[in-house]
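What follows is a short report on a single structure.
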């Protein structure tokens, strides 16, 4: 990890749309965020178990486990993990449910990256304060 | 009254299809958005004298083109389904009709990693209320998906038994289908409108209807 990367939170992007997740990871890396991706709910849980990130960007709808199921599992086992939900549903209900399950915030797709960066920083600070 | 209820069932199918398609289009737009942003990042890199990595630019533009094509196909399918309601009775090619409905269920199938395999003779023409038929096939496919294991394969086969046609939707693995309530009330309503009969046999859901109701 470079000096610049060390000052930024580590981010895991969990989304089954590979081209979305990989591009978002690439853009985060260009901004010196150590970022990785997982393309299913199970892969996300395995990645977290192996190397817990500081912040998880979590898609709500994935084929094997949906985001709310992943969130429920994480809340118990990884209380320090800050989660930002990705939703494309056009409904605030999904985001609200996620926050009731312990997510820090949510953001709608297509993602405004500048807004996401602010949320990542805020989410990380909320856990380390 | 039955007609009104059948129309209501069709509206609900339109609603389900619209919800699934809006989710898919959001995903394609998200991918396009990210890749456009990445290209902007690369442009910034040249300003900062870092240089643009040409392969990555090419990759980003290819992804954008692919997602535009994906969105176009999704919208084309929605448009075709919407036009099924143009006239009460219409002629149609059965293989094209089934291909359309299978495409419209792609998202639901993907959510359970279900593969669908369509086998239909290319020259069967039907004359019926297409939107009722398509809605019925759509709901029947969803019933099968909901009651099968993740990773199943669904075979869609057609038996031309003139003057009737039977569409057989079955699971490749006989053990996969749990006992289900088929047909439900909406499926019964739609079936009545096109004189179809619905049944379940072991690992299959069967839909038989007259090829022509002229």
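Condition first: loosely packed, with under 15 Cβ neighbours inside 10 Å, within 27 Å of the chain's Cα centre (by Cα), part of a loop (DSSP other than H, G, I, E, B) and within 14 Å of chain A (Cβ to nearest Cβ). Can you find one or more residues in region B:42-57 that meet it?
So far as region B:42-57 goes, no, none of its residues is loosely packed, with under 15 Cβ neighbours inside 10 Å, within 27 Å of the chain's Cα centre (by Cα), part of a loop (DSSP other than H, G, I, E, B) and within 14 Å of chain A (Cβ to nearest Cβ).
So if I check each of A:107, A:120, A:48, A:84, which one is touching a helix residue (DSSP H, G or I) at 6+ places or on another chain (Cβ under 6 Å) and more than 14 Å from every other protein chain (Cβ to nearest Cβ)?
Every option except A:84 fails the conditions.
Does region A:20-27 contain at least one residue that is within 14 Å of chain B (Cβ to nearest Cβ) and part of a loop (DSSP other than H, G, I, E, B)?
Restricting attention to region A:20-27, the residues satisfying the condition of being within 14 Å of chain B (Cβ to nearest Cβ) are A:20-27.
Filter once more, so that each one left must be part of a loop (DSSP other than H, G, I, E, B): none.
No; the residues of region A:20-27 include none that is within 14 Å of chain B (Cβ to nearest Cβ) and part of a loop (DSSP other than H, G, I, E, B).
Sort out for me the helices (runs of 4 or more DSSP H) sitting completely within region B:65-152 that have 3 or more residues that are more than 23 Å from residue A:88 (Cα to Cα).
Per the criteria, B:94-104, B:130-146.
Residue by residue, here is whether (1) touching a strand residue (DSSP E or B) at 6+ places or on another chain (Cβ under 7 Å); (2) touching a residue at least 12 places away in the same chain (Cβ under 8 Å) holds:
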position: A:38; (1), (2): yes, yes
position: A:44; (1), (2): yes, yes
position: A:53; (1), (2): yes, yes
position: A:64; (1), (2): no, yes
position: A:68; (1), (2): no, yes
position: A:76; (1), (2): no, no
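Check whether at least one residue in region B:61-72 is closer than 30 Å to residue B:143 by Cα and away from chain A (no Cβ under 14 Å), and report yes or no.
Yes, that holds for at least one residue.
Being surrounded by fewer than 17 Cβ atoms within 10 Å (Cβ to Cβ) and closer than 17 Å to residue B:156 by Cα is the filter here; which residues of region B:68-94 pass it?
B:93
Quick one: would you say residue B:32 is surrounded by 21 or more Cβ atoms within 10 Å (Cβ to Cβ), within 14 Å of another protein chain (Cβ to nearest Cβ) and closer than 24 Å to residue B:155 by Cα? Before you say what the answer is, go through the steps one by one.
Numbers: surrounded by 21 or more Cβ atoms within 10 Å (Cβ to Cβ): yes; within 14 Å of another protein chain (Cβ to nearest Cβ): yes; closer than 24 Å to residue B:155 by Cα: no.
No, not satisfied.
Go through (1) outside the structural domain of residue B:142 (by TED's automatic domain parsing); (2) modelled with pLDDT of 90 or more; (3) under 20 Å from the mean Cα position of the chain (by Cα) and name the single condition residue B:7 misses.
All conditions pass for residue B:7, except number (2).
What number of residues within region B:160-174 are part of a strand (DSSP E or B) and more than 22 Å from residue B:105 (Cα to Cα)?
Restricting attention to region B:160-174, the residues satisfying the condition of being part of a strand (DSSP E or B) are B:160-161, B:164-171.
In the following step, the residues that additionally are more than 22 Å from residue B:105 (Cα to Cα) were identified as B:160-161, B:164.
So the count comes out to 3.
I want to confirm something. Restricting to region A:100-121 and keeping residues that are in contact (Cβ under 8 Å) with a residue 12 or more places away in the chain, out of contact with any strand residue (DSSP E or B) (no Cβ under 7 Å at 6 or more places or on another chain) and part of a helix (DSSP H, G or I), which single residue is nearest to residue B:37 (Cα to Cα)?
Here the answer is A:113.
Among the residues of region B:193-210, write down those that are touching a helix residue (DSSP H, G or I) at 6+ places or on another chain (Cβ under 8 Å) and surrounded by 14 or more Cβ atoms within 10 Å (Cβ to Cβ).
B:193, B:194, B:196, B:198, B:203, B:205, B:207, B:209
Quick check: is even one residue across region A:87-110 closer than 22 Å to residue B:108 by Cβ, within 12 Å of the chain's Cα centre (by Cα) and modelled with pLDDT of 85 or more?
Scanning region A:87-110, I find no residue that is closer than 22 Å to residue B:108 by Cβ, within 12 Å of the chain's Cα centre (by Cα) and modelled with pLDDT of 85 or more, so the answer is no.
Looking only at residues that are touching a helix residue (DSSP H, G or I) at 6+ places or on another chain (Cβ under 6 Å) and assigned to a helix (DSSP H, G or I) in region A:28-43, which one is farthest from residue B:36 (Cα to Cα)? Give the derivation first.
Of all residues in region A:28-43, those touching a helix residue (DSSP H, G or I) at 6+ places or on another chain (Cβ under 6 Å) come to A:30, A:32, A:34-35, A:37-39, A:41.
Filter again for assigned to a helix (DSSP H, G or I), leaving A:30, A:41.
Values: A:30: 14, A:41: 27 Å.
Filtering region A:28-43 for residues that are touching a helix residue (DSSP H, G or I) at 6+ places or on another chain (Cβ under 6 Å) and assigned to a helix (DSSP H, G or I), the one farthest from residue B:36 (Cα to Cα) comes out as A:41.
The values are calculated or read from the model by the stated rules, or taken from the named source; none is laboratory data. No experiment lies behind these values; they were computed from the predicted model shown. All Cβ positions, glycine included, derive from the backbone under ideal geometry; neighbour counts span all protein chains shown.
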